[in-house]
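First comes the structure, then the notes that go with it.
Bear in mind that the values in this text are calculations on the coordinates, not laboratory data. Remember, it's a predicted structure, so these values are computed and weren't measured experimentally. Cβ: placed from backbone, ideal geometry, glycine included. Neighbour counts: every protein chain shown.
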Amino acid sequence: MKLFIMRHGEAASGTPDASRPLEPLGEQEVRQSAQWLKETLTDSERESLTIVGSPYKRARQTADLVAQALGAASSLSLPLITPDAPPESVIEWLQENASDGSPWLLVSHMPLVADLVGRLVDGGTHARMPMGTADIAVLDADVWAAGCATLITHQTPGQAVAR
């Protein structure tokens, strides 16, 4: 099973945190990463991909831009994947909801994305994979559990443009 974990694009500063929108640079980063994703996914993966994002504005905008680029109808909001959510809760959710073999894209924030990738790949509670804005980590696993995933690639917006 494939799991794509994406950090939202560059966002404006301000408060409240949940209302911060993407900056124009962030929108550009997301479009670059979405184009890479579009070129990477097979037709069947693109058709069966489920896109979920944090309810925070910048993540919703990111998820919606990716959905638009992939020709998907929409993306879903998942309150469980906010910045400081515990990765264990997300792993439990993945076990219950993302085990049908279809690919998933989770759009969230630091530090969750770094902690989640680290936990799924390494298994350790302090494992992390730093991710820049609009980066995508591609994981593969037979089961979503700590230490059971393989990191296939870590794609940055700059790499997407350079191809």
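Observations, loosely collected:
- Ala146 being on the phi > 0 side of the Ramachandran plot and surrounded by 14 or more Cβ atoms within 10 Å (Cβ to Cβ): no
- The condition of being in contact (Cβ under 8 Å) with a residue 12 or more places away in the chain, among the basic types (Lys, Arg), part of a loop (DSSP other than H, G, I, E, B) and more than 15 Å from Lys2 (Cβ to Cβ) holds for Arg128.
- Number of residues in the range 3-59 that are surrounded by 18 or more Cβ atoms within 10 Å (Cβ to Cβ) and under 23 Å from Val121 (Cβ atoms): the value is 16.
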